[in-house]
Every structure is written in C-alpha cells, then in structure tokens.
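The values are calculated or read from the model by the stated rules, or taken from the named source; none is laboratory data. Source: prediction; values computed, not measured. Every residue, glycine as well, gets a Cβ built from its backbone with ideal geometry; the counts of neighbours run over all protein chains shown.
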Amino acid sequence: MYQYTAFDQRFVEERVQQYRDQTRRFLGGELSDEAFQQLRLRNGLYIQRLAPMLRIAVPYGTLTATQLRALAAIARDFDKGYGHLSTRQNMQINWPELEAVPDILARLAEVQMHCIQTSGSCIRNVTTDQFAGVAADETVDARPYCEIIRQWSTYHPEFDWLPRKFKIAVNGARTDRAATHVHDIGIQIRLGEDGTPRFDFLVGGGLGRTPVVGKLIREGLAEKDLLTYLEAILRVYNRYGRRDNKYKARIKILVRALTPEKFRELVDAEWENLRDGPTQLPGSEVIRIRDHFKAPPYEKLPDEGALLASQRLRNPAFNAWMQHNVSPHIRPGYAIVTLSTKATGVPPGDVTDEQMDAVAAWSERFGFGEIRISHEQNLVLPDVPQRELTTLFDLACNEMLGQANAGLLTDVVCCPGGDFCALANAKSIPIAEAIQRRFDDYDYLHDLGPIDLNISGCMNACGHHHVGHIGILGVDKRGEEFYQVSIGGNQADDASLGQILGPAFSRAEIPSVIERILDVFVERRDDGEIFLQTVRRIGVEPFKQRVYSDAPAVRVRSSRPKTVATRIRSAGTSPVSRARKTARAG
Amino acid sequence: MLVKAPQNRLDPPAIVPDSWTLVEEGPARPGLIAPFEAWLESPDGAGVWVAGDAEVEEVEAHLSEAPVIAVRFPAFADGRGLTFGKLLRTRYGYDGELRAFGEIVPDLTEYMVRCGFDAFVLANRRQAEAAIACIQRMSDHYQGSVRQPLPPYRRVAEQP
C-alpha cells in the first residue's frame with residue numbers, strides 16, 4: 001500500500017485549508033454559485049436531488065483497514081450510516097452538510113485520504129484491476145504506475161480545466177478487469193521482449209451518450225515515457241477538445257472527428273517536444289513508488305486444495321461461494337475473496353458503517369489490513385489464507401456480505417439513479433431489486449453462469465449499461481420512466497457495446513423481459529457456452545422476437561436441487577439489514 | 001485591479017498600479033494592449049492581447065518582442081489559455097509580462113502562475129487579495145512548473 005510521505009501529507013493538509021477557505025468565501029458571498037460549483041465539483045461535492053453527495057477518492061480502489069474504519073466513522077457521523085461504492089472504485093456518502101465538508105476533509109487527511117478531482121472536468125481517480133498485485137494472471141503490478149499517474153494528475157497546472165471529465169484506467173493482468181477499452185485513456189501494461197514493462201495506449205473509449213471502444217494509438221511505450229506521453233495526449237485534448245457542447249466534449253468525440261490516425265499524429269508531434277523534457281520518469285522514481293507496494297509478509301502455506309474440496313462437498317452454500325467469489329492468488333495457500341454487496345433489497349454497492357467496520361476487522365484477521373473496491377461495486381479481501389475461507393464465509397453471511405453471486409445475474413452493477421441523482425431520467429435501484437427478487441433461485445442463477453447485468457438511470461451511463469451482457473437504460477418518455485434493454489455488451493478484453501432490442505419497457509415489465517431473454521439463452525446455448533457467447537453466436541434477433549412476442553414467459557428451470565438458496569436467504573434477516581432499514585427510514 | 005506574481009519568486013505577489021490600458025479594438029498605440037491584428041500593424045510601444053484558444057504556433061514568432069502579452073480566458077473553467085501560456089514560455093522562450101484577463105476567478109491564478117503567467121486582472125480589490133492568498137496557499141506541487149521545471153522526484157534524484 002502506498003504510504004504518504006511528508007510531502008503528500010502536507011499537500012492534503014494544505015488542500016483542506018484551501019477548501020475551507022473556498023467554502024467560507026462562498027458562504028460569505030465572495031464566490032458566485034457558478035464559481036463555487038466548479039470548485040466544489042473538483043472536490044467531489046454534488047448537490048443532489050435530496051441533499052449533497054460527497055465522493056471520496058479511493059485511489060485505484062485500494063484501502064487500509066484504518067482508512068475503511070475512518071470511512072465507517074464518517075458515514076456514521078455525517079451520513080445516515082452507510083456509504084456507496086461507485087463504479088469507479090470510489091466511495092460516496094449522501095447527506096453531508098455543505099458547511100461540514102471541510103471537517104470531513106480534515107478527517108480524511110488524518111488517514112491519508114482526500115476528495116481531490118473526484119468530479120469536475122479534470123483527470124479523475126485512476127482505476128485498475130481490483131486484484132492488482134495478487135492476481136494469479138498478472139503480468140505487471142499496475143498499482144505503482146497508478147500511484148505515479150495519481151501524483152502526476154493531482155492539481156496538474158495545465159490539465160485541471162479540461163473540456164470535460166477525463167478517466168484513465170490501467171490493467172496489468174492477462175484478463176482486463178479494469179475496463180480499459182471504455183475509458184478516455186486505457187493503458188495495458190505487459191512485459192516486453194527485453195523483460196521491461198511496456199505500455200499500450202487506448203484512447204477515446206467511453207460510455208455515456210456516445211459509447212465508443214477505445215482506439216489503440218501507441219504500442220510498447222517505455223516506462224520513462226509514460227508521463228510525457230500522457231502529457232502529449234492531454235495537451236492535444238485540452239487545446240482541441242470541444243467546449244461548446246458538453247455532450248460532444250469528451251476526447252472520444254475529438255478522436256472520431258480527427259480520425260484516430262490524425263489524432264495520433266498530433267500526439268506524436270507534441271510528444272517529440274516533450275519526451276526528453278523534465279517530466280520524463282526516471283527509474284529511481286518508479287523504484288521509490290514500487291517500494292510501497294512490496295509483497296506483505298506472506299507465510300509459507302501449503303495449498304489447501306484437499307481440505308477445501310471436502311469443505312465444499314459438505315457445504316453446498318460454501319461451494320457456490322468458492323465457485324463465484326473466490327479467485328486464485330499469486331501465492332500458494334492464499335485466495336482472493338470478493339465480498340458481494342448485492343443482497344436482494346439492498347441498493348447495489350451500499351455498505352453500512354457496521355459492515356465497513358466488520359470488513360476492516362476481517363482484513364486484519366484474514367490478511368494484512370488491506371481492502372479493495374471493485375468497479376463492480378463489491379469489496380475484496382486480497383490475501384485470505386485458504387484454510388480460513390470457511391470461517392470468513394460464515395462471518396460474511398452474518399453481515400449480508402456472503403452472497404455467492406459475484407459475476408452472476410444478481411451481481412447487478414447499478415448507479416444511484418432517480419432515487420438520489422439529479423441527472424437521472426429514471427430510477428435504477430428498484431429495477432435491480434425487482435430483478436434480484438424475480439431471480440432468487442441460486443441453482444438457476446448458477447446454471448445460467450456469468451452474466452453482467454448493468455443498469456443506468458440515464459444516458460450518462462454511470463451503471464455502464466452499454467458494456468453489460470444485459471444492459472438496462474432508464475429513459476424519460478413524456479414524464480414517465482421507461483427502460484431500454486440491450487444485450488451483447490462486454491467490458492473485458494474483447495470489449496463490445498450492447499445492441500438495443502427495440503422499444504423501451506415499463507418498469508413492471510422488466511423482470512419478465514429479462515426472463516424471456518434468459519429463456520432464449522437456456523434453449524439455444526451450446527454446451528459450456530456463457531450468455532455472451534450465445535448472443536454473439538446467434539445474434540440479437542431470436543431474443544428480439546421472444547421479448548416482443550405476446551406469448552407468456554416460461555422459465556426453463558434447472559433440475560438441480562435447491563439447497564443453496566435456502567442458506568443464503570436466511571442471511572436476509574440479519575441485524576444489519578434491520579439496522580439499515582431503520583437508518584433509511586430516518 | 002492588477003496583481004503581479006513575478007516568476008522569479010523573489011518578490012511576493014502584490015497589487016500594483018496598472019500602466020496599461022486594454023482596448024477591444026485597434027489601432028494600437030504606446031500604452032495600449034491591442035488585439036493581435038491591430039498590434040501587428042503598429043507594434044511599437046504597445047502590448048498585445050490574444051484569445052486563450054489562439055494557435056500559439058501561428059502567433060508566437062511575432063510576439064517575442066511584445067512587452068506584454070495578455071491572454072483572454074473566456075470562461076472560468078476554460079483551460080486552453082493555460083496551455084497557451086505554458087507553450088509560449090517553455091517552447092518559444094517569451095520572457096516579457098504574461099497577463100491573464102477575462103473570467104479570472106482568484107482560485108485559478110495558482111494554476112496560471114505555474115503555467116508562466118505573472119500578471120492577473122481581477123475584478124476588484126477583494127478578488128485581488130483572494131488571488132494573492134490563492135497563489136501562496138500550496139507550498140509545492142507534484143509537477144514541475146514554468147519557474148521550477150523539474151517535478152519533485154527529479155529534484156531529489158538529480159541532486160549531487
């Protein structure tokens with residue numbers, strides 16, 4: 001984990017003073033609404049439908065136990081006792097008083113955190129693979145480079161007032177878990193033939209109104225050139241990105257207007273001027289930063305394959321959780337655990353202060369005090385000894401964090417939607433809940449296999465609906481909420497954008513529509529095929545026909561017994577859920 | 001109200017009397033800051049102003065002799081003038097006064113200073129004083145700037 005130096009600490013402390021002064025000047029009438037809006041946005045503070053929302057930066061989704069406890073305390077003291085994990089690995093709290101935000105920043109600074117550049121037209125929090133540093137399929141640990149980019153982009157003198165927001169994602173594993181194809185800049189790190197890290201740059205990807213898959217403009221860039229090349233891209237964008245229409249201001253529009261070839265020429269010409277300049281990244285700096293991410297003191301543990309196999313046989317619920325929520329670790333005897341926040345009836349990504357405290361404690365008991373946030377809005381414990389997995393599973397179930405659904409249909413990725421967000425056209429949380437309620441049979445879900453379901457309440461696509469295997473978009477039709485459904489999107493290596501099936505549906509129709517889509521999949525799938533593969537093979541037409549036909553939906557059921565579902569459902573009545581309901585009512 | 005923040009950093013930023021008058025239209029005369037086209041016709045003794053989205057490559061060759069170049073920021077959040085200033089200073093070596101005017105919110109001046117601006121036209125004294133505070137608030141940054149081109153990691157690395 002990165003630990004602040006004296007320089008970093010002084011920086012965030014001065015930042016707290018700066019924001020305190022900005023708030024004071026706004027409240028005193030010295031700063032206009034318009035000017036303060038720009039300043040508070042660069043501090044992650046939105047004025048929402050019901051109250052302000054504060055987005056706290058969690059750089060590349062990595063937290064210490066101490067930081068997570070501080071977030072729990074902030075959620076308790078300034079929110080109604082819960083926080084929301086965003087699709088960009090940050091945490092959002094609702095209801096903070098505008099006047100109290102400087103005090104929240106001071107609390108964050110005490111644990112080496114801040115809200116810098118979590119919104120506004122600037123370079124946002126850089127994101128990466130939530131398994132970085134521990135994934136078995138990793139080629140290069142992306143975290144040191146993320147930290148280097150974080151520092152470079154923080155208060156950049158030239159690039160903090162861009163045409164529009166700017167998102168960078170970095171991936172260093174063979175599987176792309178960072179959605180690099182749908183970011184303004186996606187960086188893939190790999191090892192070159194000479195054994196040094198090489199950087200491939202995808203530019204102009206993004207979702208929103210105009211979804212585009214990023215274009216590869218540079219392959220095999222050397223480490224020392226990482227920042228100068230970023231500067232060249234940002235400089236071209238800052239100069240030529242459109243500022244007359246905010247819907248055409250993202251870099252993807254510029255890349256398309258110029259063509260990727262012309263864009264690359266401009267970047268390369270700019271880079272020739274910059275590459276030997278003062279921003280060149282010396283190896284000594286990479287070593288200094290990489291030192292912060294040294295492997296923790298792992299024990300020499302045996303692989304517990306046999307023990308786990310017998311535990312899985314005895315306990316079908318544990319078996320399901322192992323199958324979906326536990327991933328291979330780079331070290332023998334360890335595992336990576338995804339704690340799913342997607343319990344039915346809980347808004348996807350919401351975690352209570354009690355859950356945060358519990359997870360912080362588990363991260364210390366079953367690891368080295370580190371926690372990750374995934375862009376699928378789940379929590380990850382990166383270093384769990386295999387022999388402790390059953391214990392952790394039981395504890396997680398008691399806190400409603402033991403859902404065995406990571407990567408399944410009910411692991412819904414969802415924006416806050418019309419319940420909270422002022423931009424939304426439609427609610428998204430009730431759609432997620434209706435689908436989770438309809439598909440509550442775990443055997444059926446497991447039989448369906450991996451399905452990414454993504455829901456956005458408006459075109460801004462915070463729920464990344466374009467890259468969901470099934471995507472749902474809330475639209476407004478003459479003041480009424482409707483939902484457009486697309487299929488065939490994908491966020492990983494072979495990224496693709498979903499195709500819209502046809503006219504939008506009412507909210508009540510959505511569970512049946514999903515059911516019909518899944519019926520077609522189950523009828524038409526080949527052996528071992530996952531949903532996305534079937535859609536790609538047979539195309540959208542069969543789904544379209546079924547969804548818009550008048551025949552009633554028939555769910556094709558799995559023949560396996562229903563043992564898992566019972567166990568998971570019993571977790572739904574834990575004290576946490578009751579506490580949460582009380583908190584929400586307040 | 002004019003604030004000067006000398007790039008040499010020896011003198012702290014301060015409110016100073018403004019000896020220039022900016023005019024929207026030409027002709028250019030000594031003591032006036034005139035638009036680029038008018039200034040080109042009679043540059044002697046005059047300053048010049050350009051829009052923040054001007055192509056620096058197209059104007060820089062003419063500008064090197066100007067005693068003052070003013071860059072208009074058309075909107076608070078429009079950062080194009082920052083790139084203009086940075087390039088003018090670092091790539092084209094301009095060393096006269098580089099002034100920002102237009103929609104200047106005090107909080108932006110600290111970015112402008114780092115991109116090579118050394119004079120700022122603020123709406124009133126209160127804003128000018130706020131700008132002086134903003135320029136001085138953060139003691140250092142992660143990047144280099146026009147007056148300190150090296151980022152912190154190279155300052156340390158390259159010390160003997």
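Assorted remarks:
- Of residues in region A:39-54 being over 30 Å from A:V134 (Cβ atoms) and assigned to a loop (DSSP other than H, G, I, E, B), the one nearest to the other protein chains (Cβ to nearest Cβ): A:R42
- Of the numbered criteria (1) more than 25 Å from A:R250 (Cβ to Cβ); (2) touching a Gly at 6+ places or on another chain (Cβ under 7 Å), the one A:H465 fails is (1).
- Of all residues in region A:143-178, those that are over 22 Å from A:I189 (Cβ atoms) and under 18 Å from the mean Cα position of the chain (by Cα) total 1.
- When region A:399-436 is limited to residues that are assigned to a loop (DSSP other than H, G, I, E, B) and of a type in the set (S, T, N, Q), the one that is nearest to A:R55 (Cα to Cα) turns out to be A:S428.
- Of the residues B:R126, B:R137, B:R147, the single one that is among the basic types (K, R), within 10 Å of chain A (Cβ to nearest Cβ), surrounded by fewer than 21 Cβ atoms within 10 Å (Cβ to Cβ) and touching a residue at least 24 places away in the same chain (Cβ under 8 Å) is B:R137.
- Scan of region A:275-295 for residues that are at the interface with chain B (Cβ under 10 Å from one of its Cβ atoms), more than 19 Å from A:D200 (Cβ to Cβ) and touching a residue at least 12 places away in the same chain (Cβ under 8 Å), ordered by number: A:G277, A:T279, A:Q280, A:P282, A:G283, A:E285, A:I289
- Filtered residue count, region A:28-55, keeping only those that are crowded, with 24+ Cβ neighbours inside 10 Å and within 30 Å of A:G367 (Cα to Cα): 1
- Scanning region A:24-41 for residues that are over 17 Å from B:I104 (Cβ atoms) and touching a Gly at 6+ places or on another chain (Cβ under 9 Å) gives A:R40, A:L41.
- Qualifying residue in region A:112-121 (condition: away from chain B (no Cβ under 14 Å), assigned to a helix (DSSP H, G or I) and either farther than 20 Å from A:D493 by Cα or touching a helix residue (DSSP H, G or I) at 6+ places or on another chain (Cβ under 7 Å) (or both)): no
- Near pairs, Cβ below 8 angstrom, 6+ apart or cross-chain, from region A:357-373 (closer than 15 Å to A:M91 by Cβ) to any residue that is surrounded by fewer than 18 Cβ atoms within 10 Å (Cβ to Cβ) and modelled with pLDDT of 95 or more: A:A360/A:T66
- Filter result (part of a loop (DSSP other than H, G, I, E, B) and among the β-branched types (V, I, T)) within region A:267-284: A:T279
- Among the conditions (1) surrounded by fewer than 18 Cβ atoms within 10 Å (Cβ to Cβ); (2) at pLDDT 95 or above; (3) within 14 Å of chain B (Cβ to nearest Cβ), A:T259 misses just one, which is (3).
- Condition check for A:A320: within 30 Å of A:D411 (Cβ to Cβ), within 29 Å of the chain's Cα centre (by Cα), of a type in the set (A, V, I, L, M, F, W, C) and not assigned by TED's automatic domain parsing to the domain that holds A:G204: yes
- The criterion of at least 1 residues that are in the same structural domain as A:Y145 (by TED's automatic domain parsing) and among the small types (G, A, S) is met, among strands (runs of 3 or more DSSP E) falling completely within region A:175-262, by A:185-191, A:215-222.
- In summary, A:R76 fulfils each of the numbered conditions (1) in a helix (DSSP H, G or I); (2) more than 24 Å from A:N378 (Cβ to Cβ) with the single exception of condition (2).
- Taking the conditions (1) at pLDDT 95 or above; (2) more than 20 Å from the chain's Cα centre (by Cα); (3) hydrophobic (A, V, I, L, M, F, W, C) in turn, A:L445 satisfies each one other than (1).
- Selection count where residues are more than 19 Å from A:L98 (Cβ to Cβ) and over 20 Å from the mean Cα position of the chain (by Cα), scope region A:77-86: 1
- Some residue of region B:52-62 being under 12 Å from the mean Cα position of the chain (by Cα) and either closer than 25 Å to A:Q38 by Cβ or touching a residue at least 24 places away in the same chain (Cβ under 8 Å) (or both): yes
- Taking region A:132-174 as the range and being within 14 Å of chain B (Cβ to nearest Cβ), among the charged types (D, E, K, R) and in a loop (DSSP other than H, G, I, E, B) as the test, the residues that pass are A:E158, A:D160, A:R164, A:K165.
- Scope region A:14-38; condition within 10 Å of another protein chain (Cβ to nearest Cβ) and of a type in the set (K, R); matching residues: A:R15, A:R25
- Of all residues in region A:171-224 being within 14 Å of A:Q491 (Cα to Cα) and among the β-branched types (V, I, T), the one that is surrounded by the fewest Cβ atoms within 10 Å (Cβ to Cβ): A:T175
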